[in-house]
Structures are given as C-alpha cells and as structure tokens.
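The values are calculated or read from the model by the stated rules, or taken from the named source; none is laboratory data. Everything quoted here is computed from the prediction, not taken from an experiment. No Cβ is skipped: glycine too gets one built from the backbone with ideal geometry, and neighbour counts run over all protein chains shown. Surface accessibility is based on the protein's heavy atoms, side chains included, excluding ligands, DNA and RNA. Shrake-Rupley method; radii C 1.70, N 1.55, O 1.52, S 1.80 Å.
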Amino acid sequence: VQLQASGGGLVQAGGSLRLSCAASWRTSVYVMGWFRQAPGKEREFVTAITWSGDNTYYADFVKGRFTISRDNAKNTVYLQMNSLEPEDTAVYYCAADHRVTDDLNYKYGMHYWGKGTQVTVSS
C-alpha cells in the first residue's frame, strides 16, 4: 500500500483547507484515516473512514469542523478542514489498515503510512 498526501499549506484562523490522500494497493484496505503531529507533541488520531461503507470516526477536537470522505473510483480520501484554529497546526499524515475494529478508533496507529503534509494556521 502506498499513500501520498497533499493539500497542506498556510491559512489564517477561521479558514479552510482540503487534504487529499491518493492510495495505491493490490488488495483494498478496510479503513483509511488521518493523524497529525504538532511540534513537541505526540501523534494524534484525527479521523477514519471505512473503504467499503459509510462508517466514520472523528476525534472530539475536530467534530463539527472536519469531514472525511472518499472517492473509491480515484482511490482517494479527502479531509475537509473548516474553521481552522492555530491549534490545528501540525503535520498531517494519511494512513490505512486492513484490520477491522468495532469503533474505528485507531488511536494506536494504522499499518500503512504516507508522508505528511504540513498545515499551518496563523492567528
């Protein structure tokens, strides 16, 4: 599985960005998601979506602001980020996994990772 994230950048507080993650694989995965890591902080699990269904998971700190979606035909997952705050500044990583969980809470990580994309929110 290869994952390529893009779409990061610099935005003012209150603004929006959309991240994309293009995936290639021989066998489709069960779930894809996004993590982030701010300087000096531990990695955080942000959101996940199942590849064949409509189940999603959001961390509390992004509920109502971020939306994950997928385009199966393009093997791409998107993260629409609205109402961005300076605290959202981090490197965002796309990830994927074959493992199935009941609640889609992959806080301990996923198996496949892409290179991160920097998101910077200025105040």
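Could you check the stretch 94-110 and list, in sequence order, the residues that are open to solvent by 60 Å² or more (accessible area, probe 1.4 Å) and over 14 Å from the mean Cα position of the chain (by Cα)?
Here is the first cut: in the stretch 94-110, the ones open to solvent by 60 Å² or more (accessible area, probe 1.4 Å) are 98-100, 102-103, 107-108.
98, 99, 100, 102, 103, 108, listed by residue number.
Among the residues of the stretch 73-90, those identified as open to solvent by less than 40 Å² (accessible area, probe 1.4 Å) and closer than 26 Å to residue 13 by Cβ are 77, 78, 79, 81, 84, 88, 89, 90.
Select the strands (runs of 3 or more DSSP E) contained entirely in the stretch 14-71, then report the ones holding at least 1 residues which are on the phi > 0 side of the Ramachandran plot and open to solvent by 10 Å² or more (accessible area, probe 1.4 Å). Strands (runs of 3 or more DSSP E) meeting the threshold: none at all. Considering 28, 69, 24, the condition of being in contact with a strand residue (DSSP E or B) (Cβ under 6 Å, 6 or more places away or on another chain), touching a residue at least 24 places away in the same chain (Cβ under 8 Å) and of a type in the set (S, T, N, Q) is satisfied by 24 alone.
Tell me yes or no: at least one residue of the stretch 94-107 is at negative phi, assigned to a loop (DSSP other than H, G, I, E, B) and modelled with pLDDT of 95 or more. So that I can check it myself, show each step before the final result.
Step one: list which residues in the stretch 94-107 are at negative phi, which gives 94-103, 105-107.
If we keep only those that are assigned to a loop (DSSP other than H, G, I, E, B) too, we end up with 98-103, 105-107.
Subsequent filtering for residues that are modelled with pLDDT of 95 or more retains none.
No; the residues of the stretch 94-107 include none that is at negative phi, assigned to a loop (DSSP other than H, G, I, E, B) and modelled with pLDDT of 95 or more.
In a loop (DSSP other than H, G, I, E, B), in contact with a Ser or Thr (Cβ under 8 Å, 6 or more places away or on another chain) and either farther than 21 Å from residue 28 by Cα or not hydroxyl-bearing (Ser, Thr, Tyr) (or both): is that true of residue 79 in this structure? Quick ask: steps written out before the conclusion?
Working: in a loop (DSSP other than H, G, I, E, B): no; in contact with a Ser or Thr (Cβ under 8 Å, 6 or more places away or on another chain): yes; either farther than 21 Å from residue 28 by Cα or not hydroxyl-bearing (Ser, Thr, Tyr) (or both): yes.
No; evaluated as a whole, the condition is false for this residue.
Sub-7 Å Cβ pairs linking a first residue in the stretch 75-92 that is under 16 Å from residue 22 (Cβ atoms) and in contact (Cβ under 8 Å) with a residue 24 or more places away in the chain to a second residue that is among the basic types (Lys, Arg) and open to solvent by less than 30 Å² (accessible area, probe 1.4 Å), at least 6 apart or interchain, are 92/36, ordered by first then second residue.
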